[in-house]
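Some notes on the structure that comes next.
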Amino acid sequence: MLAEGLRKMFDKKAALDGFDLAVPAGTVCGLLGPNGAGKTTAVRILATLLRLDGGRAEVAGHDVAREAPAVRRQVALNGQQSTVDGVLTGRENLVMWGRLYHLSKRQAEVRADELLEQFGLTDAAGKRAKLYSGGMRRRLDLASSFIMRPSVLFLDEPTTGLDPRNRGEVWREVKRVVAEGTTVLLTTQYLDEADQLADQIVVMDTGRVAAQGTPDQLKSKLGGDRIEVVVRDADELPVAAEVLGPDAEVDPDTFRVSVAVADRVAALTRVTSALAARGVEAEDIALRRPTLDDVFLAITGHKAVSEVRA
Amino acid sequence: MRYAAIDSWIVAKRDLIHWVREPVRVFANLAYPIISVLIFGLVFGSAMNVFGGGDYIEFLLPGMFGQTIAFGIASTIMMVSMDADRGVTDRFRASPMSQTGVVAGRSIADLVNSSLELLVLALCGLVIGWSFHDGLLNALLAFALFLWLRFALVWVGIYLGLLVKPEAAQASWMFLFPLTMFANTFVSPELMPGWLRVVAEWNPLSSTVAAARELFGNPGVGGDSWAAQNSLLLAVLWPAVFVAIFWPLSVLKYRDLSR
Ligand SMILES: Nc1ncnc2c1ncn2[C@@H]1O[C@H](COP(=O)(O)OP(=O)(O)O)[C@@H](O)[C@H]1O
Ligand SMILES: [Mg+2]
């Protein structure tokens with residue numbers, strides 16, 4: 001999957017403004033950005049649902065503008081909302097999509113049963129989908145995307161609005177289909193989700209790529225692991241800062257001093273004994289890996305708006 | 001082509017299953033015309049005049065058929081806008097299915113639904129004293145005209161449904177109600193004030209209703225205007241005009257990838 005200089009205008013406002021992307025086959029790319037960054041727009045363009053105003057894109061070896069039907073045969077899209085039909089049973093939903101992908105009735109039924117099995121929905125196959133939990137509905141949605149074994153799968157915010165348990169279930173299924181060789185473009189507002197699932201993360205802000213790399217690369221941009229000391233008293237802050245060295249960052253509000261370290265455990269021992277020698281009793285000393293929240297803040301200059309999850 | 005037929009059927013079947021499994025909505029849709037027939041026919045009936053004479057219930061029933069057909073567009077708009085809003089339309093579009101199938105399926109489901117409504121309403125009418133007097137063939141022809149109008153309205157409904165959000169679709173009643181009343185459905189246009197009378201006479205719904213009255217042999221047919229005298233012709237033409245305008249518009253809107 002390849003995109004170069006994608007542009008898309010909505011009423012004179014650019015939703016995508018020179019967006020580039022390259023996703024090697026068989027890998028997962030996480031498109032990370034706050035609400036309104038242009039993630040859905042990018043996905044819809046790559047899935048041939050929106051016309052481009054500029055740039056070009058190729059999916060599964062076909063140009064999305066000129067060879068849309070060829071692209072459609074190879075991709076599946078799981079939109080932001082669930083397209084599961086609540087009045088139909090889980091199995092009927094899958095058979096319906098199978099038929100719409102032009103399988104025969106028999107083939108569609110066989111495939112539906114296979115998928116129900118794979119996605120752990122066999123027991124609920126005969127129940128109307130509106131009685132399913134949010135996670136089950138998402139899994140059914142995912143299953144319906146897999147009817148034709150697409151080579152590219154688009155997942156637009158697959159876990160938005162799910163509770164942690166259901167998110168875990170969806171993650172497990174995504175990992176499973178990736179293991180089968182599908183290329184996945186996943187959008188998310190959740191940093192831990194991209195961290196969990198993606199081989200490569202593209203951070204998006206207002207229609208452009210703000211940064212990209214593997215989760216580890218992005219984290220190392222912040223200088224790798226940090227050691228963090230919390231002291232009991234503001235008076236002790238200068239001493240702690242001295243122990244941590246000239247690069248230490250001091251946060252007087254939370255009595256916190258931190259610095260990037262390379263040698264993790266050795267640094268921890270060194271700092272602990274140095275503090276003890278100077279008579280400073282720390283409230284807390286910890287090694288902390290930077291989270292993708294830190295990455296986002298550092299890259300875009302503003303905080304990622306992660307909503308409270310239901 | 002074969003796939004277009006299969007796709008249409010699959011899409012239509014989805015709606016039909018909805019109606020069978022959640023019949024509350026179907027009953028609610030049916031209750032309104034039945035209650036109206038009873039209220040207008042039996043309660044107001046004695047106070048209503050049919051221009052040119054005749055029984056009011058005989059006059060009313062074709063008007064009720066017409067209103068039911070016209071109200072059907074609200075359900076088309078609703079279903080189309082809900083599919084679009086829920087992302088189902090996107091998935092249809094991102095799949096290799098035939099694009100005609102989506103809209104053809106919609107028409108089939110809506111026509112089946114409307115036929116059922118007409119049938120129930122006609123049975124109800126027969127019970128309270130409505131009848132047809134010019135033979136079964138003409139009566140069936142009249143119903144065919146209603147369904148022809150319904151088919152045309154499917155295309156209008158698809159276009160409007162792709163245009164508006166489900167919340168706005170709910171408000172379509174506000175416009176439909178007067179549109180079906182400023183017609184010959186409940187009152188002869190001859191009894192209306194000047195400008196309203198012109199509107200009522202040229203209202204496409206009036207043409208179908210007037211043509212049906214003629215075919216059923218029900219009272220209240222005719223009038224001075226050209227529209228009233230050529231209702232049969234207009235009952236065929238008006239829907240054809242709608243189809244000619246809204247078929248391409250819907251197809252364009254559907255293909256309009258920048259939505
Ligand atoms: N159909 C549309 N019409 C007008 N503006 C739109 C449309 N779709 C998206 N936008 C605008 O484009 C920007 C990007 O939206 P979107 O791609 O949905 O972001 P995300 O999925 O990252 O939340 C937003 O400012 C949004 O308001
Ligand atoms: Mg979005």
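Some notes on this structure:
To keep it simple, each residue is scored yes or no on (1) of a type in the set (S, T, N, Q); (2) more than 16 Å from ligand 2 (Cβ to nearest atom); (3) over 27 Å from A:G181 (Cβ atoms).
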residue: A:L6; (1), (2), (3): no, no, no
residue: A:G18; (1), (2), (3): no, yes, yes
residue: A:T27; (1), (2), (3): yes, yes, no
residue: A:L32; (1), (2), (3): no, no, no
residue: A:T41; (1), (2), (3): yes, no, yes
residue: A:R44; (1), (2), (3): no, no, no
residue: A:A60; (1), (2), (3): no, yes, no
residue: A:R72; (1), (2), (3): no, yes, no
residue: A:R91; (1), (2), (3): no, yes, no
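- Filtering A:V229, A:V265, A:V203, A:V259 for residues that are more than 26 Å from A:G26 (Cα to Cα) and modelled with pLDDT of 90 or more leaves a single hit, A:V229.
- In this entry, B:R91 is excluded by the filter for residues that are without any contact (Cβ under 8 Å) to a residue 40 or more places away in the chain and open to solvent by 20 Å² or more (accessible area, probe 1.4 Å).
- Apart from one condition, A:Y101 fits all of (1) within 14 Å of another protein chain (Cβ to nearest Cβ); (2) open to solvent by less than 10 Å² (accessible area, probe 1.4 Å); the exception is (2).
- Residue check for B:A235: away from ligand 2 (no atom under 16 Å from the Cβ), closer than 21 Å to B:L176 by Cβ and in contact (Cβ under 8 Å) with a residue 24 or more places away in the chain: yes
- Residue in region B:64-85 that is within 14 Å of chain A (Cβ to nearest Cβ) and outside any helix (DSSP H, G or I) present: no
- Where B:I17 falls short, out of the listed (1) open to solvent by 20 Å² or more (accessible area, probe 1.4 Å); (2) under 30 Å from A:P69 (Cβ atoms); (3) away from chain A (no Cβ under 14 Å): (3)
- Where A:V261 falls short, out of the listed (1) surrounded by 19 or more Cβ atoms within 10 Å (Cβ to Cβ); (2) at positive phi: (2)
- Test: residue in region A:67-88 that is more than 25 Å from B:V11 (Cα to Cα) and part of a helix (DSSP H, G or I): no
- Breaking point among (1) within 20 Å of the chain's Cα centre (by Cα); (2) surrounded by 21 or more Cβ atoms within 10 Å (Cβ to Cβ); (3) away from chain A (no Cβ under 14 Å), for B:G41: (1)
- Residue in region A:104-126 that is within 10 Å of chain B (Cβ to nearest Cβ), closer than 30 Å to A:L2 by Cβ and free of Cβ contacts under 8 Å to residues at least 24 places away in the same chain present: no
The values are calculated or read from the model by the stated rules, or taken from the named source; none is laboratory data. Because the structure is a prediction, the values reported are computed rather than measured. Positions of Cβ are backbone-derived with ideal geometry, glycine not excepted, and every protein chain shown enters the neighbour counts. When the accessible area is computed, the model is the full protein with side chains, heavy atoms only, and any ligands, DNA or RNA have been set aside. Shrake-Rupley method; radii C 1.70, N 1.55, O 1.52, S 1.80 Å.
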